1. Show the residues, 5+ positions off or on another chain, whose built amide H is closer than 5 Å to the amide H of residue 274.
2. If I compute P(r) over Cα pairs in 10 Å bins from 0, in percent from the structure I just sent, which labelled value in [x] 5, 24, 33, 25, 11, 2, 0; [y] 5, 23, 28, 25, 15, 4, 0; [z] 6, 29, 38, 22, 5, 0 lines up?
3. Which value at 222 nm does the chain reach when only helices count, each DSSP H run of 4 or more adding -39,500 (n - 2.57), with the total divided by all residues and rounded to the nearest 500 deg cm²/dmol?
4. Can you give me the Cα centroid spacing of region 37-61 and region 275-296 in angstrom?
5. Over the Cα atoms of region 110-214, Rg to Rh with Kirkwood Rh, two decimal places?
6. Can you tell me what share of the DSSP beta bridges in the chain is antiparallel? A percent to the nearest 5 is fine.
7. Hey, in the GNM for the chain with a 10 angstrom Cα cutoff, which one of 252, 29, 46 fluctuates hardest?
8. Nearest 5 percent is fine: what portion of the DSSP beta bridges confined to region 2-101 is antiparallel?
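Values in this text are rule-based calculations from the coordinates and carry no lab data. Note that the structure is predicted; figures quoted are calculated from it, not measured. We place every Cβ from the backbone using ideal geometry, glycine too, and count neighbours over all the protein chains shown.
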Amino acid sequence: MSSYYELEIDKIKEMILKKQYKRILLQMPQGMLDTPLQEVVEILTPLGSQIIVEGDPSYGVCDLAINKAIQFECDLLIHFGHNEFGFHQRIHSKSLDILLIPSYVNFEISSYFLLLSEKLAELGWNKVGLVATIQHLRNLKELKTHLDSIGINCFVQKEGQILGCNINTIRGFPNQVDGIISLHAGYFHTYGLLLSTPIPILQLDPFTGEIKQFSAIEREKLIRKRNHIITQARTANVWGIIGSSKLGQHHPYTVSRIEKILQDHNKSKILLIAENINLENLENFTWVDAWVDSACPRLAIDDHIYSSKPIVTFKEFLYLFEKVTWEELLTTGFF
C-alpha cells in the first residue's frame, strides 16, 4: 500500500539528522495508518528520536495535533496527507517544528483515459473544470495534458485542489464549463461538490478507474435533505453553538456573529467547545432546540444523523435569519 504514496522519506531523514530532534509526533489520516505508518516508523526509529503516533483520527490540516505535540514535549510534528491549503499563517508554532508531507500518489492513471474520453463524447462535454484532492494533484496535471491533446478545453483554478470543507477552486467555473471532472476516491468530497455547485460532476476514482456521473437529481436529493433540516431549525428558541478548540476549526469571528444575530432576535444560546466533537454527546443537552456548527462544516453535513436536533451550517444559519438568500445557498454552496 505504501508504494501508492510519496512519503518523502529522504527529506524527513535529512531534517531529523540535521536538527537531532528528541521526540517526534507522527500524524496520518486513517487511510494511511497501516503499511505507510509502519514503514515510516521502521525507517525513523533507528535515527535515535523517540517516535510517538497520534492515535486520534486526523481529518485534515485543520486538525493538526499541535497541542498534543507540545503537551508531550515533542520538538517535531510530521503531518501526512495535507498541505497548508486554506490555512496559511495559522499552523506555525514557535516551540514546535511542523513538517507537512502531502503524500502524493505516485502511479499513473493513463489507462483510464480511453473510457473517460468515451464518456465525455457521450455527454457532449467540450469544456470541463478539473479538481482533485491533494494526493492526486499530479494525476490532475496528467489528465489535463491528455484532455488538451484531444481538444477538450480545461479550466483549473489554483492547481485544482479541493478540501472537504473548501471547494473554492470551482468558483471560476460557472458559465464556462459543461461539467466538472474530480479525481478522488469515496463520496466525502462528492457531497461537498454537489452542495457547492449546480454544475454536473464526473468523479474519476484514481485507484479503481471507476467513473461516476452525478447529475442534478443527486444534487436535488441532498438539497432537499438540507432544506428539511433547516426547516426543523426555524422554530428553535434555544440555540447551541458548536465550537472547536482545534487550530483550523476555531473561528471566533463566526461565533461572535452567531451570538450577535441570536441576541438581536431574542434567542437563548449556549456555546459548546470541544476538541473532538462527538455529536452523540449533544443528546445530553436536552434543552437545546437546534445547533449551529461554527467548527468543521462537515459535522452538520455528514454527521447530523447522530443528533435528534437539527444541525445547520453557518451559511444555513445566516439564511434562517435572512442574512443570505436561498438563491445564494444554491449558487455559492451550503457551507
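1. 243, 244, 245
2. Label of the calculated value: [y].
3. Taking each H run of at least 4 residues, the total per residue is -9500 deg cm²/dmol.
4. 32 Å
5. Ratio of gyration radius to Kirkwood radius: 0.91.
6. Expressed as a percentage, antiparallel bridges in the chain total about 15.
7. Top of the fluctuation ranking is 46.
8. 5 percent
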